[in-house]
Amino acid sequence: MTEPVLRLEGIVKTFPGVRALDDVSFTVMPGEVHALMGENGAGKSTLMKVLGGIHQPNEGHIYMGDDEVVMAGPLEAKAKGIVFIHQELSLAEELSVAENIYLGELPRKSFGRVDWTTLAEKTNAILKKLNVGFNAHTRVGSLSIANQQMVEIARALTVDAKAVIFDEPTASLTDAEKVVLFDVISDPAMSRTTRWGISRSKCVA
Ligand SMILES: Nc1ncnc2c1ncn2[C@@H]1O[C@H](COP(=O)(O)OP(=O)(O)OP(=O)(O)O)[C@@H](O)[C@H]1O
Ligand SMILES: [Mg+2]
């Protein structure tokens, strides 16, 4: 039987004066795409932040496969394969697409020199899958918001992502750009991993 990628059980998260999450349980199977919908303040971002290690739950459990996991911080969540694409993009505008995708993990040659050829090849291979109209050398600051989001997605694809979380991914996209994003999310060739769209109802296809 196929195991869930992720299972949340009885998650409770309170902030002073607010019970943002009240006993939330949720299971994600491999390859599934989920859209989490709710009015402003419903707790969507809070739930994603609990998963992404940004908030610690007051109660409840998170499982990956058979194992209970604790997402002690964002880096730990990432190491476990939870990739979080925030609404506010976190790219270095002055750097190239390739440098942004592999920031902190640039391929090196002897004496620690960056292996630019390998970097460009690896990046262009990923960009080809996403079918985008820019390349490894393009400066990120010159890209549209939609294309910057594609860079974030490309970065997610370089790690062994088990789940990719988008927080309101369509908020700053045009209608045409939304179609491209949804195509990427629903492309079976891309969904070796599970993806979650999270958005308000107006954003959902
Ligand atoms: N860091 C925080 N400190 C205190 N309260 C918070 C914090 N983050 C969220 N909240 C509160 O928790 C509740 C859930 O907020 P959350 O941001 O998760 O909602 P949301 O569903 O993502 O809403 P939106 O559609 O506006 O993005 C709200 O009442 C919010 O004010
Ligand atoms: Mg939110």
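The values are calculated or read from the model by the stated rules, or taken from the named source; none is laboratory data. What you are looking at is a predicted structure, and each value in this text was computed from that prediction instead of being measured. Positions of Cβ are generated from backbone atoms using ideal geometry, with glycine treated the same way; all protein chains shown enter the neighbour counts.
With the structure loaded, tell me whether M1 is farther than 17 Å from V70 by Cβ, away from ligand 1 (no atom under 13 Å from the Cβ) and either modelled with pLDDT of 95 or more or of a type in the set (A, V, I, L, M) (or both) or whether it fails that test. Break it down stepwise before answering.
Numbers: farther than 17 Å from V70 by Cβ: yes; away from ligand 1 (no atom under 13 Å from the Cβ): yes; either modelled with pLDDT of 95 or more or of a type in the set (A, V, I, L, M) (or both): yes.
In short, yes.
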Quiz item: Which is buried (at least 19 other Cβ atoms within 10 Å of the Cβ), of a type outside the set (K, R), modelled with pLDDT of 90 or more and in contact with a helix residue (DSSP H, G or I) (Cβ under 8 Å, 6 or more places away or on another chain), of L95, L181, L119?
Solution: L119
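Working only within the range 1-23, note down all residues that are assigned to a loop (DSSP other than H, G, I, E, B) and of a type in the set (G, A, S). Outline the logic, then answer.
Keep residues of the range 1-23 that are assigned to a loop (DSSP other than H, G, I, E, B), which gives 1-5, 16-17.
Within the range 1-23, just G17 meets the criteria.
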Quiz item: Taking strands (runs of 3 or more DSSP E) that do not extend beyond the range 24-107, which have at least 2 residues that are within 28 Å of N147 (Cβ to Cβ) and β-branched (V, I, T)?
Solution: 82-85
Quiz item: Which of the following residues is away from ligand 1 (no atom under 16 Å from the Cβ) and of a type outside the set (G, A, S): M48, M29?
Solution: M29
Exercise. Looking for whichever is loosely packed, with under 15 Cβ neighbours inside 10 Å, without any contact (Cβ under 8 Å) to a residue 40 or more places away in the chain, small (G, A, S) and more than 15 Å from ligand 1 (Cβ to nearest atom) here; the options are G41, G73, G65. Which one fits?
Key: G73
Exercise. Using the structure shown, decide if G52 is within 13 Å of ligand 2 (Cβ to nearest atom), within 22 Å of T14 (Cβ to Cβ) and surrounded by fewer than 20 Cβ atoms within 10 Å (Cβ to Cβ).
Key: no
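Does A79 fit the bill of being surrounded by fewer than 17 Cβ atoms within 10 Å (Cβ to Cβ), away from ligand 1 (no atom under 16 Å from the Cβ) and under 30 Å from H137 (Cβ atoms)? I'd like the intermediate steps shown before the answer.
Working: surrounded by fewer than 17 Cβ atoms within 10 Å (Cβ to Cβ): yes; away from ligand 1 (no atom under 16 Å from the Cβ): yes; under 30 Å from H137 (Cβ atoms): yes.
Spelling it out, A79 is indeed surrounded by fewer than 17 Cβ atoms within 10 Å (Cβ to Cβ), away from ligand 1 (no atom under 16 Å from the Cβ) and under 30 Å from H137 (Cβ atoms).
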Exercise. Within the range 137-155, track down each residue that is of a type in the set (A, V, I, L, M) and closer than 21 Å to V83 by Cα.
Key: V140, I145, A146, M150, V151, I153, A154
